[in-house]
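Structure first, commentary second.
The values are calculated or read from the model by the stated rules, or taken from the named source; none is laboratory data. Since the structure is predicted, the reported quantities are computational estimates derived from the model, not experimental observations. Cβ atoms come from the backbone with ideal geometry, glycine included; neighbour counts cover every protein chain shown. In case anyone asks, the SASA skips ligands and DNA or RNA and just uses the protein heavy atoms, side chains included. Shrake-Rupley method; radii C 1.70, N 1.55, O 1.52, S 1.80 Å.
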Amino acid sequence: MSVSGKTVYRVRQLVSHDVAIIAEVKDGEAHGGKLRETRDSRIALGGTDSFWLVGGEKKEQKLVVHKDDASVPAFASAISSMASRIRASSVFELPKVVNDNAGPGKFDAVSFTTVTRLTVGYSPQGGSEELLPALSLGTLHIPLEAPVSAIEVRPGHWLTSGFEALPAGRYGLRPQSLRSVATASLENRPDMIRLANGLVVFVSPPKWSEPKSTDLRSEEEIHQSVERWLSRSKAALSLPGDAGSLEPAELLRLLAERAISEEEKADLASIAGRLSKRSELADILPEILGRDPTFRDRLAGFEESEKARLRAELEEQLRRETEVESARLAALRIEVADAETKLASFSHREALLRSETEKHEEMLRSRIASAAEGIRNESSRETAAIRDEIARLRDDMAHIATAVPAAGEPVAPVPVAAAQTEEPIPAAPPPRFASDEQRQKTLNELAVATGLTHSEVAAIVATATDVVPVLLGPDSAAAAIDIATAFAGDDAAIVFCDPTKISLTDLLNDEHSGFREAIEKAKERPEALFAAAICSITSGPCEYWLPQIIAMRRVGRLPRNLALVASAGVDGLRVPIPDSTLRHLFPLKPSKAPRPGSATFEGLWPMTNLDQERVREAVEVLAGRELEGSAMQAVARALARTPSWMQLSDAVLVFLRQAKWLAAIAAGHEHEYDEYFIDIEA
């Protein structure tokens, strides 16, 4: 057997004082494998049937023994006395080399760098039914000339001491009784080789536990011993009824029969564990021990000491609990006093507040009365003025009626009252700003109406004033219009691209789009967000005006608060977009089908200011992502402009997709969105 580059050999024969014939040991075989010769003195000194773990094996020249070195083989003298006994069983048949008295030079010669003698044990394969009686009688035969160091008497129980080697290869127990035998078990799992004749070769050193006494008798014998001792214990409780009439000698003989010998004491010690598990013993022992005055006195003393101990423990426990409860009561009293102080302070404050409230109410009543009186007086004055004006008008009308000339008389010019100037119609109030709850509601409605996720809609809010978010797929134009109107309401511009719109002037001159009006209103209110939906961006050559809009918005020639949202369709005549323009786009493809309806305009959205604290939080979220320095800065700034109620970790994936899109455009690589902008079939 080879173990980690090493081999186990068994010495089969000593040919001369320094030449040994060895056989490789194989698991499950009785005699081993191929035979070899060695002149290793360490192996030769080990003797026949010793086992060795060797390493660094190398071949040597054939051994030649001179006449002076020749010797009779080790087995030659023993064949006559042992051959019949060894050959009686096929297990003990020796290899042919033993009976042929082979000499040096017949087999391959080898030498070794390292040799280690191995421990050998014996574990019969048929079980231990015959082994224990043979050990007890000293007739156990082990097919090995060298002594064994351990014998397995039961599964997991080994004898490492307490047995001796007898003549003729026999082994027996030193104490012949199986009642109490010191056995040990393996605490490790050593490598071992089991041979067919019951030998066990420990290739690695075994680690034995501390020996412990074990009863190796059969279960039937142990049971009989237990029953016998239970019967004797019951019989010891009382003497026969006629014991009082017995002769002294008979009574002494009866008492002697009930005594136990040293041998019986040993038997009782071996089965004490079994006896302790029998319920009958619990009925017998108290009755036996109760007859002893000393035991009764000790039992009474023990009861008194236990009562005193329990009393002391209870008193100590009560004392500790009393101290704890007293401390809790004192703390509660302090809390009650504090609460009473606070209550008194609150009562005083309540009285002061009630007094101040009454004063304020009285002052308000007086002011309301004064205001009502002023309004009444003003109304009376206005009523009197109106009455005076009506009376004056009546007088003027009467005067005009009396001053009408007769027929033929010249008509005096009548002074014409100056026409009253029309009062200007007050301008409509500007749209109000939507609250956080209203904007969050609008965002949720947009996610349902467009088929985008909440994070994608938030990304549109964050980037629409820097780049142009583009919605892809069918019905994308309707989704872009919904987003623009949700941000700016009726002030949102709606531009439909076509091949005739090839410049920014064409877009501004489109009266129906409202693009020019949206720009003017965005200039008037720079604190609010205005939006324009650019629909079907691939229907015309957008490279002539889209980069211009982005650049002019960046430098302030167009309002920076003008958000642009575009759409790209999938059918009809489409114009490819060059890479120089694609870098200004933020493509978004809905992950689910949009639902009918649109978001309600709740009010204008405020222009988002960049919060440096949120930028730092975005950088922490992006830490560890595969982004370059400039790309990480751009993504962090865009991520920081998302609505405040949006978790940055929820929206980060949307901006990472945009970073991959820009990287693919810059490197000229293919992208899954190319079919919407570049690879467009005619």
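Quick look at the values:
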{"read-out": "Residue list for region 474-507, filter: under 21 Å from residue 550 (Cβ atoms) and of a type in the set (S, T, N, Q)", "value": "476, 503, 505"}
{"read-out": "Inter-residue pairs, beta-carbon under 9 Å, first touching a residue at least 24 places away in the same chain (Cβ under 8 Å) and in region 603-615, second open to solvent by 20 Å² or more (accessible area, probe 1.4 Å) and part of a strand (DSSP E or B), 6+ apart", "value": "603/433; 604/433; 605/433; 606/433"}
{"read-out": "Whichever residue in region 25-60 is more than 15 Å from residue 111 (Cβ to Cβ) and among the acidic types (Asp, Glu) and, among such residues, is most open to solvent (accessible area, probe 1.4 Å)", "value": "27"}
{"read-out": "Number of the condition not met by residue 481 [criteria: (1) buried (at least 20 other Cβ atoms within 10 Å of the Cβ); (2) under 20 Å from residue 591 (Cα atoms); (3) among the hydrophobic types (A, V, I, L, M, F, W, C)]", "value": "(1)"}
{"read-out": "Helices (runs of 4 or more DSSP H) enclosed by region 568-682 - at least 2 residues per element that are hydroxyl-bearing (Ser, Thr, Tyr) and either closer than 18 Å to residue 470 by Cα or open to solvent by less than 70 Å² (accessible area, probe 1.4 Å) (or both)", "value": "579-582"}
{"read-out": "Positions within region 172-202 being at pLDDT 85 or above and not in a loop (DSSP other than H, G, I, E, B), in sequence order", "value": "183, 184, 186, 192, 193, 194, 199, 200, 201, 202"}
{"read-out": "Test result for residue 160, open to solvent by 30 Å² or more (accessible area, probe 1.4 Å), touching a Phe, Trp or Tyr at 6+ places or on another chain (Cβ under 6 Å) and farther than 20 Å from residue 46 by Cα", "value": "yes"}
{"read-out": "Number of the condition not met by residue 473 [criteria: (1) modelled with pLDDT of 90 or more; (2) open to solvent by less than 10 Å² (accessible area, probe 1.4 Å)]", "value": "(1)"}
{"read-out": "Residue ranges of helices (runs of 4 or more DSSP H) in region 439-554 with at least 3 members more than 48 Å from the chain's Cα centre (by Cα) and more than 20 Å from residue 572 (Cβ to Cβ)", "value": "504-508, 515-524"}
{"read-out": "Any hit, region 456-470, residues being more than 18 Å from residue 608 (Cα to Cα) and at pLDDT 90 or above", "value": "yes"}
{"read-out": "All positions within region 112-152 that are open to solvent by 40 Å² or more (accessible area, probe 1.4 Å) and touching a helix residue (DSSP H, G or I) at 6+ places or on another chain (Cβ under 8 Å)", "value": "117, 141, 145"}
{"read-out": "Members of region 514-546 found to be over 15 Å from residue 501 (Cβ atoms) and open to solvent by 20 Å² or more (accessible area, probe 1.4 Å), listed by number", "value": "517, 520, 521, 523, 524, 525, 526, 527"}
{"read-out": "Cross-chain or 6+ apart pairs with Cβ under 8 Å, region 545-563 first and farther than 20 Å from residue 641 by Cα, then polar (S, T, N, Q) and open to solvent by 10 Å² or more (accessible area, probe 1.4 Å)", "value": "545/503; 547/580"}
{"read-out": "Qualifying position, being open to solvent by less than 20 Å² (accessible area, probe 1.4 Å) and in contact with an Asp or Glu (Cβ under 7 Å, 6 or more places away or on another chain), among 468, 495", "value": "495"}
{"read-out": "Residue match in region 597-614 (condition: closer than 26 Å to residue 542 by Cα and either touching a helix residue (DSSP H, G or I) at 6+ places or on another chain (Cβ under 6 Å) or modelled with pLDDT of 85 or more (or both))", "value": "no"}
{"read-out": "All positions within region 113-158 that are of a type in the set (Gly, Ala, Ser) and part of a strand (DSSP E or B)", "value": "121, 150"}
{"read-out": "Per-region count, region 328-359, residues under 48 Å from the mean Cα position of the chain (by Cα), open to solvent by 100 Å² or more (accessible area, probe 1.4 Å) and hydrophobic (A, V, I, L, M, F, W, C)", "value": "1"}
{"read-out": "Region 502-513 residues that are farther than 17 Å from residue 558 by Cα, paired with ones that are surrounded by fewer than 15 Cβ atoms within 10 Å (Cβ to Cβ) (beta carbon under 7 Å, 6 or more apart)", "value": "502/544"}
